[in-house]
Amino acid sequence: MTNSFLIPYGFISLGLASLFEMIDHTRTNWEYIDHSSLFNSLFYLFLAIGLTLFSIIGVKNKILIVFMIFLCISSGLSYLIISKSIALLLQVIISIFLIINFSLLFNDWIFILYPLFGIFLTTFFGVNLSITGDQTWHLFVGPSGTISIITFYIVFIRSKKILI
């Protein structure tokens, strides 16, 4: 498979994103605070990198790969320079491409868990957290995102023959 060497780097990037998010939370006593910080910026940057690496695994078109890398860099930079909303919008575009590419490449029904947990439920929990300020919603954001990442792993394991 084209670019399958990127898989470990995708997981490393997502792990680093999680690490930076945890560092940011230690600075806010593990309470969600809607703020901009270096560590939050690094969280969004490495999240974009991981999703981008996964999204270009089966891509052969170099122009599309360059475009996806441009979106990734733009997402990371826009968080600090413009706003978190723009960074999130660019990550939505990356995620849409990821969903389309994975669906075509792997054709595995279990991948439906990624958009369900990684996009819809995580967004639902995050929006409720932002609107209400009730920290209970914060307890659901991380596990929901984790389930979406585990979905990638399951799809890769189930598709061994494709990855060799």
*asked:* I need the full set of residues from the stretch 1-58 which are β-branched (Val, Ile, Thr) and either surrounded by fewer than 18 Cβ atoms within 10 Å (Cβ to Cβ) or in contact with an Asp or Glu (Cβ under 6 Å, 6 or more places away or on another chain) (or both), in order please.
replied: THR2, ILE7, ILE12, ILE23, THR26, THR28, ILE33
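Considering each of SER83, SER148 in turn, give the residue that is farther than 21 Å from LEU16 by Cα and among the small types (Gly, Ala, Ser).
Within the list SER83, SER148, the selection yields SER83.
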*Filtered residues of the stretch 110-125 (kept if surrounded by fewer than 20 Cβ atoms within 10 Å (Cβ to Cβ), under 18 Å from LEU90 (Cα atoms) and aromatic (Phe, Trp, Tyr))*: PHE120
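Based on what the data block shows, is LEU71 among the aliphatic types (A, V, I, L, M), at pLDDT 90 or above and farther than 29 Å from TRP137 by Cα? Steps first, answer last, please.
Values: among the aliphatic types (A, V, I, L, M): yes; at pLDDT 90 or above: yes; farther than 29 Å from TRP137 by Cα: yes.
In short, yes.
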*Check every one of the helices (runs of 4 or more DSSP H) wholly within the stretch 90-164 and list those with 1 or more residues that are modelled with pLDDT of 90 or more and in contact with a Leu (Cβ under 8 Å, 6 or more places away or on another chain).*
138-158
*When both residues are 6+ apart or on different chains and their Cβ atoms are under 6 Å apart, which pairs have a first residue that lies in the stretch 141-158 and is free of Cβ contacts under 8 Å to residues at least 40 places away in the same chain and surrounded by 15 or more Cβ atoms within 10 Å (Cβ to Cβ), and a second that is assigned to a helix (DSSP H, G or I) and among the basic types (Lys, Arg)?*
none
*If you check ILE65 against the conditions, is it more than 16 Å from GLY145 (Cβ to Cβ), surrounded by fewer than 20 Cβ atoms within 10 Å (Cβ to Cβ) and within 14 Å of the chain's Cα centre (by Cα)?*
no
*(1) more than 22 Å from PHE125 (Cβ to Cβ); (2) at pLDDT 90 or above: which one isn't true of LEU38, the others all being true?*
(2)
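So which of ILE99, ILE112 is in contact (Cβ under 8 Å) with a residue 12 or more places away in the chain, among the β-branched types (Val, Ile, Thr) and closer than 16 Å to LEU51 by Cα?
ILE99
Filter the stretch 1-35 for residues that are among the aliphatic types (A, V, I, L, M) and at pLDDT below 85 and give the result. Walk me through how you get there before you give the answer.
Here is the first cut: in the stretch 1-35, the ones among the aliphatic types (A, V, I, L, M) are 1, 6-7, 12, 14, 16-17, 19, 22-23, 33.
If the condition is that a residue be among the aliphatic types (A, V, I, L, M) and at pLDDT below 85, then MET1, ILE33 are the ones that fit.
Considering only the stretch 155-163, I want to know if a residue exists there that is of a type outside the set (Asp, Glu), within 13 Å of the chain's Cα centre (by Cα) and farther than 21 Å from LYS60 by Cβ.
Initial filter on the stretch 155-163 (of a type outside the set (Asp, Glu)): 155-163.
Filter once more, keeping what is within 13 Å of the chain's Cα centre (by Cα): none.
No, that holds for no residue.
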*asked:* Cβ-Cβ distance below 8 Å, separation of 6 or more or different chains: which pairs start in the stretch 3-28 with a residue that is more than 23 Å from GLY58 (Cα to Cα) and end on one that is small (Gly, Ala, Ser) and loosely packed, with under 13 Cβ neighbours inside 10 Å?
replied: none
_Unmet requirement for VAL59, which otherwise passes all of (1) assigned to a helix (DSSP H, G or I); (2) at pLDDT 85 or above_ = (1)
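The values are calculated or read from the model by the stated rules, or taken from the named source; none is laboratory data. Keep in mind that what you see is a predicted model, and the values were worked out from it rather than measured. Cβ atoms come from the backbone with ideal geometry, glycine included; neighbour counts cover every protein chain shown.
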